[in-house]
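Read the structure below first, then the notes.
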Amino acid sequence: MIVYLYELYKLYGKAKQLPKIAMKNQLYAVMESRTTVDCEVQQALAQGRIKVFQTSLGVDQYCLMLTEDYLSYIRVIHAQRGEKEMSRALEKFTTELIPNCFDITVDKEVMMKKHKFKDEEITELIKFGVLTVKDYGHWWIAIPGVGAFIKDLTKGRQSILNLIRRCSFKEINSKELFSRKALPSAKFGYHYHILDLIGADELLPVDSTTGKLLRIAK
């Protein structure tokens, strides 16, 4: 299902530099049961097939990446920074920690006792962007530069919601919307953003005699 969301992910302008990321709430829009989504995401995380990342967007609005894509993206970012070889800390992070981490956070015991990271190496990983501080002795696993993705996602959400609010009854036929030229701020494409908005309970899909309507939910 994540691969399906990837296929909807159209990148325009500077967004082409971003990694392919799915949102957990998008799965709510394409699967009937939210409980099933939660169970399957947790199972995939426990099996090491995906990584799940905390965001500041709201409840259940997590970023998802296939583990192999996450590791590939880290290597791309490392190469872009002009460094020939990975540091000991980043090498251990990609080859030891991530393949054996099945949660969205890590703690001091795992980092320092199990994987033998030093304080300065943890600081290095925070600076690189693969860890962010949760609280003392706990860190979120993170996507380097994810702030750019969140910024573009938020702008895309707002521009589409504003467009629909200007329509009669604050709703629009989905076919009409998808036939329009993409808004400059909807950098991931209409299909991607609409699934995100439905899953985030911002849009309500309604069946009608003329097709699927997209209605402002709040």
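We did not get these values from a lab; they are worked out from the coordinates using the rules stated. For clarity, every value in this text was computed on a predicted model and none was experimentally measured. FYI the Cβ positions are ideal-geometry reconstructions off the backbone, even for glycines, and counts take in every protein chain you see.
Some points to look at:
- Cα-based radius of gyration of segment 93-142 once divided by 2.2 N^0.38 Å, which approximates compact folds: 0.98
- Relative contact order of segment 17-123, taken over Cα pairs closer than 8 Å and 6 or more residues apart, is 26 percent.
- Between residue 100 and residue 120, the simple label model (points 7 Å from Cα in the Cβ direction) yields a spacing of 2.4 nm.
- Once C-alpha pairs closer than 8 Å and six or more residues apart are averaged by separation and normalised to the residue number of the chain, the relative contact order reads 23 percent.
- The rule of thumb for compact globular proteins, 2.2 N^0.38 Å, goes into the C-alpha radius of gyration of segment 44-92 1.39 times.
- Placing dummy labels 7 Å off each Cα toward the beta-carbon, the span from residue 151 to residue 83 is 2.3 nm.
- Values of log10 I(q)/I(0), in the order q = 0.14, 0.18, 0.25, 0.26 Å⁻¹, for segment 133-218 under a Debye, Cα-only, solvent-free model: -0.54, -0.76, -1.27, -1.35
- In degrees, nearest ten, helix 119-128 long axis to first principal axis of the chain (Cα): 30 degrees
- log10 of Debye I(q)/I(0), alpha-carbon scatterers only, for segment 123-169 at 0.19, 0.21, 0.25 Å⁻¹: -0.67, -0.73, -0.86
- Our estimate of slack between residue 113 and residue 138, defined as 0.36 nm per intervening residue step minus the Cα-Cα distance, is 7.6 nm.
- Kirkwood Rh and Cα Rg combined as Rg/Rh, the chain: 1.02
- Efficiency of FRET from Cβ geometry, residue 209 and residue 76, R₀ 35 Å, rounded to 0.05: 0.15
- Extension gain, residue 91-residue 181: 0.36 nm per intervening residue step, less the Cα-Cα distance, totals 28.1 nm.
- Folded to 0 to 90 degrees: helix 67-80 orientation relative to the chain principal axis, Cα: 70 degrees
- The angle separating the long axis of helix 34-46 from the principal Cα axis of greatest extent in the chain is about 20 degrees.
- Three principal axis extents of segment 35-128 based on alpha-carbon atoms, in descending order, are 43, 31, 25 Å.
- Average silhouette area of segment 68-121, convex hull of alpha-carbon atoms, in square nanometres: 4.0 nm²
- Under 5 Å from the amide H of residue 105 lie the amide H atoms of 141, each residue being 5 or more positions distant or on a separate chain, with H modelled from the backbone and absent for Pro and chain starts.
- For segment 61-174, the orientation-averaged shadow of the C-alpha convex hull comes to 9.5 nm² (one quarter of the hull surface).
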